[in-house]
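**Student:** Submitted below is the structure of interest, expressed as structure tokens.
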Amino acid sequence: MNEEQTASNADIYHPSSIIHHPTIAPNQRAWCRFRRNRLAVISGWTLAIVLLFVVGWPIALRLATFIGPAGVAFSKNYQPEKLSDAQFQPPSVKHWFGTDVHGRDLLSRVLYGAQISLLVGMVGAGISLVIGVLWGAIAGYAGGRLDSAMMRFVDILYSLPSIIFVIVLITTLEEVWKKWLTELGTPGIGKSARLLFLFVGLGAVSWLTMARIVRGQVLSLRQRAFVEASRSLGAGHAHILRRHIIPNIFGVVIVYLTLTVPAIILYESFLSYLGLGIQPPMASWGSLIAEGADQLNPIRVYWWLIAFPGALLITTLLALNFLGDGLRDAWDVRSGDW
């Protein structure tokens with residue numbers, strides 16, 4: 001009898017059968033479905049490795065200064081803004097990604113540039129999350145004329161070319177912002193004006209789809225029995241949204257958030273490639289690719305200046321998209337596994 005119970009328990013928690021067991025929670029089913037998606041799991045590990053190098057490299061350079069004179073020299077030589085006479089050195093043991101036109105180590109610049117690109121992507125996605133969830137939840141829960149008016153506003157914004165909106169925002173307001181900060185006596189903050197406008201601009205044009213998705217989910221939840229029960233007990237609208245509706249759309253929101261980050265990173269890279277994104281001395285993947293493209297000539301091609309930033313950008317974008325697709329499939333309740 002004990003052996004039969006052991007075998008039964010083993011069958012219940014086997015990855016191939018756990019999603020069919022009636023006692024397994026939806027979160028556990030989604031996790032099991034995600035683990036079965038090899039491409040999504042590989043993408044998750046790829047992102048973890050990229051983040052490890054992006055975060056670990058600056059820490060390693062800082063810790064090297066405590067080792068001794070050799071560590072101090074190593075840290076100085078591999079600083080992303082360290083100029084040297086070793087211009088256009090191809091990849092080697094000393095410089096794994098080679099050097100650029102100013103003799104700077106390209107590996108350090110790519111990893112430091114990754115911090116900017118990923119930061120823009122995550123902050124922009126965070127802005128999209130806040131605006132999109134609030135807008136869609138209010139519109140879907142309120143319904144009627146308010147819902148119609150709010151979603152018509154979203155349709156109007158959808159009709160505008162988003163990238164043109166960001167370009168206009170940067171070119172028209174950046175100088176005004178810098179001038180205003182100078183008059184206030186804080187010109188130092190103005191140096192980060194471009195980064196701030198990238199955060200705001202890219203986040204402001206990325207929340208529209210999030211709002212539509214959240215609205216659709218809220219429309220299907222607001223008439224559910226548990227919402228009606230809470231309403232009959234005297235719960236207010238804000239309480240119902242905060243405690244009953246928004247927590248139940250959390251899975252869908254997280255899935256779309258993972259798909260929003262690569263879109264914003266790609267927008268930022270495109271703007272930086274055009275010279276409207278991150279400005280020197282800061283660097284991002286897009287600005288590094290633009291710098292490499294400037295060095296293309298028919299006499300000699302410095303391929304590593306484009307290949308390594310481009311490869312890391314493509315790898316990260318593909319990994320984020322595959323991860324988002326895997327999460328979306330895992331939470332898809334229309335699948336027969338549910």
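The values are calculated or read from the model by the stated rules, or taken from the named source; none is laboratory data. Since this is a predicted model, take the numbers as computed values, not measurements. Quick reminder, even Gly has a Cβ in these numbers, built from the backbone with ideal geometry, and neighbours come from all protein chains shown. What goes into the accessible areas is simple: the full protein's heavy atoms, side chains included, and nothing from ligands, DNA or RNA. Shrake-Rupley method; radii C 1.70, N 1.55, O 1.52, S 1.80 Å.
**Student:** Rounded to the nearest percent, how much of the accessible area of the chain (1.4 Å probe, protein heavy atoms only) is carbon and sulfur?
**Tutor:** On the way: 12480 of 18740 Å².
The C+S portion of the solvent-accessible surface of the chain is 67 percent.
**Student:** At 1.4 Å probe size, what's the solvent-accessible area of E228? Round to the nearest 10 Å².
**Tutor:** 70 Å²
**Student:** For the chain, what is the calculated [θ] at 222 nm in deg cm²/dmol (nearest 500), taking -39500 (n - 2.57) for each run of four or more DSSP H residues and dividing by its residue count?
**Tutor:** Mean residue ellipticity, 222 nm, calculated: -23000 deg cm²/dmol.
**Student:** Applying the Karplus parametrisation 6.51 cos²θ - 1.76 cosθ + 1.60 with θ = phi - 60° to the phi angles of the range 157-164, what ³J(HN,Hα) value in whole Hz is obtained for each residue in order, glycine and proline being reported as x?
**Tutor:** 3J(HN,Hα) across the range 157-164, in whole Hz: 5, 4, 6, 8, x, 4, 5, 5.
**Student:** Going by accessible area, probe 1.4 Å, with all protein chains left in place, what is the ranking of H237, H102, H244, largest first?
**Tutor:** H237, H102, H244
**Student:** Shifting gears a bit: Which option, [x] -0.58, -0.98, -1.45; [y] -0.79, -1.10, -1.34; [z] -0.65, -1.03, -1.37, is the value of log10 I(q)/I(0) by the Debye sum over Cα atoms at q = 0.10, 0.13, 0.16 Å⁻¹ that was calculated from these coordinates?
**Tutor:** This structure yields the entry labelled [y].
**Student:** Is the shape of the range 228-313 rounded, prolate or oblate, going by the alpha carbon gyration tensor and its root eigenvalues a ≥ b ≥ c, with a/c under 1.5 for rounded and a/b larger than b/c for prolate?
**Tutor:** Numbers: a/c = 6.79, a/b = 3.99, b/c = 1.70.
It comes out prolate by the Cα gyration axes.
**Student:** Determine ³J(HN,Hα), in whole Hz, for all residues of the range 234-245 in sequence, where each value follows from phi through the Karplus function 6.51 cos²θ - 1.76 cosθ + 1.60 and θ = phi - 60°; x replaces Gly and Pro.
**Tutor:** x, 5, x, 5, 4, 5, 5, 5, 6, 9, 10, 8
**Student:** Still on this structure, please answer the following. Step through the residues of the range 39-48 one at a time and calculate ³J(HN,Hα) from phi using the Karplus curve (6.51 cos²θ - 1.76 cosθ + 1.60, θ = phi - 60°), rounding each to whole Hz and writing x for Gly and Pro.
**Tutor:** 5, 5, 5, 4, 5, x, 5, 4, 5, 5
**Student:** Quick one: accessible area per residue over the chain, 1.4 Å probe, rounded to a whole number of Å²?
**Tutor:** Per-residue value: 55 Å².
**Student:** For the chain, with only Lys/Arg (+1) and Asp/Glu (-1) charged at the beta-carbon, what is the dipole magnitude about the Cα centre, in debye rounded to 20?
**Tutor:** Computed charge dipole of the chain: roughly 520 debye.
**Student:** Give the total of Lys-Lys pairs in the chain with Cα-Cα distances below 15 Å; include a pair only if its members are 8 or more places apart or on different chains.
**Tutor:** Taking the Cα cut-off of 15 Å, the pair count is 4.
**Student:** Could you compute how fast the range 115-270 diffuses translationally, taking Rh as the Kirkwood radius over C-alpha pairs and applying Stokes-Einstein at 4 °C with viscosity 1.567 mPa s? Give it in µm² per second.
**Tutor:** 75 µm²/s
**Student:** Then there is this: For F250, F66, give me the order by solvent-accessible area with a 1.4 Å probe, most accessible first, ignoring ligands, DNA and RNA.
**Tutor:** The ranking, largest first, comes out as F66, F250.
**Student:** Right, something else. Could you list which residues have their amide H under 5 Å from that of F97, counting only those 5 or more apart in sequence or on another chain, with H placed in the peptide plane?
**Tutor:** Amide H neighbours of F97, under 5 Å, 5+ apart: S92, L106, L107.
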